[in-house]
């Protein structure tokens, strides 16, 4: 399938049972595709991919059922093209990814930091 490609492929996934099955792993290995999995299986480990998947499912074709793989591939190819060239993204100053990639200089990044703050430990009280 990808053997003639000059690119090195990495398949990154969560630790879902379908991705850990011997049959699935064997297919990836047969195609020389590197296997990468999140450490804990938490959706936060792969938040960016989870976000993109959610956008595709909810904004472009909610509850769409495809008749075959070819139809799904055609639709997702179109979605990716729209996502990258026509859909502005708040996190990159309302540019499209194509515009942001071509942009020179610093972009105003508007995403929130969701890193958990460490709780301060209480100072010991002398009695």
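The values are calculated or read from the model by the stated rules, or taken from the named source; none is laboratory data. No experiment lies behind these values; they were computed from the predicted model shown. Note that each Cβ is placed from the backbone with ideal geometry, even for glycine, and that neighbours are counted across all protein chains shown.
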Residue ID - modelled with the highest pLDDT, chosen from residues in segment 58-101 that are farther than 18 Å from residue 48 by Cα and surrounded by 15 or more Cβ atoms within 10 Å (Cβ to Cβ): 99
In segment 102-127, the residues that are within 25 Å of residue 55 (Cα to Cα) and at pLDDT below 90: 103, 107, 108, 109, 110, 111, 112, 113, 114, 115, 116
Lone unmet requirement of (1) exposed (fewer than 14 other Cβ atoms within 10 Å of the Cβ); (2) more than 30 Å from residue 109 (Cα to Cα) for residue 47: (2)
Residue within segment 71-79 that is within 29 Å of residue 105 (Cα to Cα), touching a helix residue (DSSP H, G or I) at 6+ places or on another chain (Cβ under 9 Å) and assigned to a helix (DSSP H, G or I) present: yes
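Going through segment 22-61 one residue at a time, which ones are more than 18 Å from the chain's Cα centre (by Cα) and not in a helix (DSSP H, G or I)? Don't jump to the end; show me each part of the working.
Step one: list which residues in segment 22-61 are more than 18 Å from the chain's Cα centre (by Cα), which gives 22-32.
Selection gives 31, 32.
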Neighbours by Cβ (under 9 Å, 6+ apart or cross-chain): first from segment 49-74, within 23 Å of residue 89 (Cα to Cα); second surrounded by fewer than 12 Cβ atoms within 10 Å (Cβ to Cβ) and modelled with pLDDT under 85: 50/44; 57/63; 57/64
